[in-house]
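To start, the structure under review is shown below, and the notes come after it.
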Amino acid sequence: MRTIDEHATATAIITLMRGVVYREKEEHVWAALERYRSAVSDHFAEIGIDVIIDALEGYAYLSTKKELDGEEPLPRLIRRRTLTYHASLLAVLLRKRLAEFEAGGSEGRLVLTKEAMVDLLTVFAQDSTNQARIVDGATRAIVQLRDMGFIQELRSQTDAWEVKRVLKAYVDAETMGDFAALLKTYADDSAMKEAK
């Protein structure tokens, strides 16, 4: 018969294997992660997986260990998902918005409407005259980011989406720097077209 500790540890392990664990959403799993962190980490360490727990932001997820010099990389247990162009762009734009939100000293959660997310993407639309195409691409991007756990529709409000802080772990500072360079290039190109 399984003990309470073993059951709580197994529950935490299984829940992590399903995706990101949020403190506010799965309090009993979060409590088990805090209490049995070393047992959970040891379980995954044996198969080359790190347990990333951000207690400050309130989320935890699994990540494949980086290979050491000279070692052959382990097969991936956690599938990489390929994002569409619109989903990648939206993820970076939302990460930028989240950084601005936090830098402004705002408390609580960053919540945006679908329309606001479509507006973010409209600036970068290649065919900005076809609004239906822009909305369709944005809708697919929103669904993809929702499925990955980066955004969540709020049940208490109509058309309100919370940007989850775990996005910061996936869109890092290097990506943000690359994106800033891309924005500058885009702005320079636009300025040259307007000058002609």
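Which one of these does Gly70 not meet: (1) open to solvent by less than 100 Å² (accessible area, probe 1.4 Å); (2) at pLDDT 85 or above; (3) over 16 Å from the mean Cα position of the chain (by Cα)?
If we test Gly70 against (1) open to solvent by less than 100 Å² (accessible area, probe 1.4 Å); (2) at pLDDT 85 or above; (3) over 16 Å from the mean Cα position of the chain (by Cα), just (2) comes out false.
Quick check: is even one residue across segment 41-57 within 23 Å of Lys168 (Cα to Cα), open to solvent by less than 90 Å² (accessible area, probe 1.4 Å) and in a helix (DSSP H, G or I)?
There is at least one residue in segment 41-57 that is within 23 Å of Lys168 (Cα to Cα), open to solvent by less than 90 Å² (accessible area, probe 1.4 Å) and in a helix (DSSP H, G or I).
What do you reckon, is Asp189 open to solvent by 50 Å² or more (accessible area, probe 1.4 Å), at pLDDT 65 or above and part of a helix (DSSP H, G or I)?
Working: open to solvent by 50 Å² or more (accessible area, probe 1.4 Å): yes; at pLDDT 65 or above: no; part of a helix (DSSP H, G or I): yes.
No: the conditions fail for Asp189.
Which of (1) touching a residue at least 12 places away in the same chain (Cβ under 8 Å); (2) closer than 25 Å to Tyr59 by Cβ does Gly108 not meet, given it meets every other one?
The failed condition is (1).
Identify the residue in segment 22-36 that is in contact with a helix residue (DSSP H, G or I) (Cβ under 9 Å, 6 or more places away or on another chain) and either surrounded by fewer than 18 Cβ atoms within 10 Å (Cβ to Cβ) or not in a helix (DSSP H, G or I) (or both) and, among all such residues, is modelled with the lowest pLDDT. Give the derivation first.
In the first step, residues of segment 22-36 are kept if they are in contact with a helix residue (DSSP H, G or I) (Cβ under 9 Å, 6 or more places away or on another chain); the result is 22-24, 26, 28-33, 35-36.
Now narrow it down to the ones that are either surrounded by fewer than 18 Cβ atoms within 10 Å (Cβ to Cβ) or not in a helix (DSSP H, G or I) (or both): 22-24, 26, 28, 31, 35-36.
Details: Tyr22: 89, Arg23: 90, Glu24: 86, Glu26: 91, His28: 93, Ala31: 94, Arg35: 94, Tyr36: 94.
It comes out as Glu24.
Hey, could you check segment 7-18 for residues that are of a type outside the set (Ser, Thr, Tyr) and more than 18 Å from Ala45 (Cβ to Cβ) and say which is most open to solvent (accessible area, probe 1.4 Å)? Even if it seems obvious, please write down each step before you answer.
Keep residues of segment 7-18 that are of a type outside the set (Ser, Thr, Tyr), which gives 7-8, 10, 12-14, 16-18.
Subsequent filtering for residues that are more than 18 Å from Ala45 (Cβ to Cβ) retains 7-8, 18.
Values: His7: 112, Ala8: 23, Arg18: 201 Å².
It comes out as Arg18.
Report, by residue number, each residue of segment 147-173 that is loosely packed, with under 12 Cβ neighbours inside 10 Å and not in a helix (DSSP H, G or I). Spell out how you get there, then give the answer.
Of the residues in segment 147-173, the ones loosely packed, with under 12 Cβ neighbours inside 10 Å are 155-159, 172-173.
Those that are loosely packed, with under 12 Cβ neighbours inside 10 Å and not in a helix (DSSP H, G or I): Arg155, Ser156, Gln157, Thr158, Asp159, Asp172.
Condition check ((1) hydrophobic (A, V, I, L, M, F, W, C); (2) modelled with pLDDT of 85 or more; (3) surrounded by 13 or more Cβ atoms within 10 Å (Cβ to Cβ); (4) in contact with a helix residue (DSSP H, G or I) (Cβ under 7 Å, 6 or more places away or on another chain)) across all residues:
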residue: Lys96; (1), (2), (3), (4): no, yes, yes, yes
residue: Gly104; (1), (2), (3), (4): no, no, no, no
residue: Leu110; (1), (2), (3), (4): yes, yes, yes, yes
residue: Met117; (1), (2), (3), (4): yes, yes, yes, yes
residue: Leu120; (1), (2), (3), (4): yes, yes, yes, yes
residue: Ala125; (1), (2), (3), (4): yes, no, yes, yes
residue: Ser128; (1), (2), (3), (4): no, no, no, yes
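The values are calculated or read from the model by the stated rules, or taken from the named source; none is laboratory data. Please read these numbers as outputs of a predicted model, since none were measured by experiment. Methodologically, a virtual Cβ is constructed for each residue, glycine included, from the backbone with ideal geometry; neighbour enumeration extends over all protein chains shown. Note: areas computed on protein heavy atoms with side chains; ligands, DNA, RNA excluded. Shrake-Rupley method; radii C 1.70, N 1.55, O 1.52, S 1.80 Å.
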